[in-house]
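So the structure is just underneath, and the comments pick up after that.
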Amino acid sequence: MSHLSRRDLLRSSGAGLLALAAGGAFTACGGSGSGGGSGGDAETGTVTVWSWATAAAALRGVVPAFEKDNPGIKVDVQDIGNPAIWDKITVGLAAGGQGLGDVLHIGCDYLPGYREKFPGGLADLSAYGADAHKDKFAKGLWPVVTGQDGHAYALPWEVNPLGFFYRKDCFDKAGLDPTAFATWDDLIAVADRFKAANPGMSLIGINKAANPDPDLDFVQSLMQLQGAFYFDLQGRITLGTEPGVRALTTLQRLDRAGLVADAPGDHGWANLMKAGKLAIAPMPAWAAHYLEAKFGDQSGSWRLAKPPAVTAGGNRTALVNSTHLAVAASSPRRRAAWKFVEYALTRPASVNAMFAAGGVFPALVPAYADPLYSAPSAYYGGQPVLRTFADLATTGGDPTNYSGDYARALKLAGDAQTKVFLKDGDPAAVLQDAAKQLAQQTGRTIA
């Protein structure tokens, strides 16, 4: 949900998912250029890595082993800060790569924007052998880092599969088992029964007026469960297509059933959670520690399951966001930079060491064989939540194209959702109108 952005969590609680285990015991996305830039292919020298907060600290932990195994290469990991890193990368790409780090940590929502605005700004990693690793990552991530030319311009690091956190105690009162809910319609069907057993409780909290910002994480996740988003992989606008309409209609039906609480302002959702007013949290992997850290008095009440599908027999997995490591095309030592990226992200020992040090949930599927993913969590009643997320990531999901116009789409989608909440708007009508406006603003084709 937009009030709890993934980036905020990376700043404040990157160590969290590992704490669960212990306690229980943008050019790269589709660059049309060659990626050659004005850099060079030196295999030695000092490689500068740009990241932020706990992710940067985790990367530093890999450096000693890497330098020992790769004589002649030194690595300098710099914590640029978030959101400062996005401005610095943008400025550097706009300047033809001047001043950029050699390795860049980039989120999935920035990757395509950098590609579209600065083609050729990131190095073609397929030229260095990246394609040999394509099947090692969570299914659905490789297209995110692959360009229209079929070449890879980054490697996946973090993945955030969607989870379905629920208050077991609340559903127990109603005699309901959320793990048996196959679709969101199943929840709507038992609304009266749930509310009768839990007076004053809601399922979801959403900032209905979009003040100060749109609160679209939930409806976006419903689209992603259907393999859709605001744009398709060709960049065409899909905001008003059937999956989008189904997603917003599902939200409207949940609201009409009295299951959606208004969560106004920046802290509305957190305030409802602290008051014990919400019974589910459809959120991704990074939220596992957040719930434990912020709502400790609810320990033992929460559990995690696969999210319900939007349609009968539909997907019950979605990769809602990810981050990646790319190499600047302007780097004079691209081969050395690639060696570090490959070492850090394709070896289970490296990604799990970073995870243990407070890094993000890894996208590398072979890493999940480590026993740490099966450790029980006391907060979740002894459930091994890391294993649940590992299983969801292994299943994977359809790729999401944020495109370079995500910010415009977000604003229009937010306006559409607000019309549904506050003016009882028709989901199909408001989304199709939003799609037309998006086409006018961007020049993109409506699918």
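The values are calculated or read from the model by the stated rules, or taken from the named source; none is laboratory data. Since the structure is predicted, the reported quantities are computational estimates derived from the model, not experimental observations. Neighbour counts run over all protein chains shown; Cβ positions are idealised from the backbone, glycine included.
Summary of computed values
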| read-out | value |
| --- | --- |
| Number of positions in the range 202-214 that are buried (at least 19 other Cβ atoms within 10 Å of the Cβ) and not small (Gly, Ala, Ser) | 6 |
| Lone qualifier among Gly140, Gly101, Gly120 - being small (Gly, Ala, Ser), in a loop (DSSP other than H, G, I, E, B), closer than 30 Å to Ile204 by Cβ and not assigned by TED's automatic domain parsing to the domain that holds Asp217 | Gly140 |
| Residue identified as among the basic types (Lys, Arg), buried (at least 24 other Cβ atoms within 10 Å of the Cβ), assigned by TED's automatic domain parsing to the domain that holds Leu155 and not in a strand (DSSP E or B) among Arg60, Arg115 | Arg115 |
| Residues of the range 170-184 satisfying the condition of being more than 11 Å from Pro307 (Cα to Cα) and not basic (Lys, Arg) | Cys170, Phe171, Asp172, Ala174, Gly175, Leu176, Asp177 |
| Residue check, Ala293 part of a loop (DSSP other than H, G, I, E, B), over 18 Å from the mean Cα position of the chain (by Cα) and of a type in the set (A, V, I, L, M) | no |
| In the range 249-278, residue surrounded by the fewest Cβ atoms within 10 Å (Cβ to Cβ) [restricted to those that are modelled with pLDDT of 95 or more and at positive phi] | Gly258 |
| Count - residues of the range 422-433 that are closer than 20 Å to Ser221 by Cβ and surrounded by fewer than 19 Cβ atoms within 10 Å (Cβ to Cβ) | 1 |
| Evaluation of Gln78 against (1) at pLDDT below 95; (2) of a type in the set (S, T, N, Q); (3) farther than 30 Å from Gly150 by Cβ (one fails), failing number | (1) |
| Any chance Arg246 is crowded, with 18+ Cβ neighbours inside 10 Å, assigned to a strand (DSSP E or B) and in the same structural domain as Ala196 (by TED's automatic domain parsing) | no |
| Of the criteria (1) assigned by TED's automatic domain parsing to the domain that holds Val420; (2) modelled with pLDDT of 95 or more, which one Gly129 fails | (1) |
| Residues being surrounded by fewer than 18 Cβ atoms within 10 Å (Cβ to Cβ) and closer than 27 Å to Leu125 by Cβ - total across the range 358-394 | 3 |
| Which numbered condition Glu158 fails, given (1) under 26 Å from Ser51 (Cα atoms); (2) out of contact with any His (no Cβ under 9 Å at 6 or more places or on another chain); (3) assigned to a strand (DSSP E or B) | (2) |
| Hits in the range 143-155 (condition: hydrophobic (A, V, I, L, M, F, W, C) and assigned to a loop (DSSP other than H, G, I, E, B)) | Ala154 |
| Only listed residue being buried (at least 18 other Cβ atoms within 10 Å of the Cβ), under 17 Å from Phe218 (Cα atoms), in the same structural domain as Leu254 (by TED's automatic domain parsing) and not basic (Lys, Arg), chosen from Leu438, Leu410 | Leu410 |
| Test result for Ala270, in the same structural domain as Gln220 (by TED's automatic domain parsing) and assigned to a helix (DSSP H, G or I) | yes |
| Residue in the range 228-236 that is at pLDDT 95 or above, basic (Lys, Arg) and in a loop (DSSP other than H, G, I, E, B) present | yes |
| Residue within the range 176-188 that is β-branched (Val, Ile, Thr), at pLDDT 95 or above and in the same structural domain as Tyr343 (by TED's automatic domain parsing) present | no |
| Selection status of Gly200, in contact with a Gly (Cβ under 7 Å, 6 or more places away or on another chain) and not assigned by TED's automatic domain parsing to the domain that holds Asp109 | no |
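Yes or no, residue by residue, for (1) under 30 Å from Gly300 (Cβ atoms); (2) of a type in the set (A, V, I, L, M, F, W, C):
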| site | (1), (2) |
| --- | --- |
| Thr388 | yes, no |
| Ala393 | yes, yes |
| Asp398 | no, no |
| Tyr402 | no, no |
| Asp405 | no, no |
| Ala413 | no, yes |
| Val420 | no, yes |
| Asp424 | no, no |
| Pro427 | no, no |
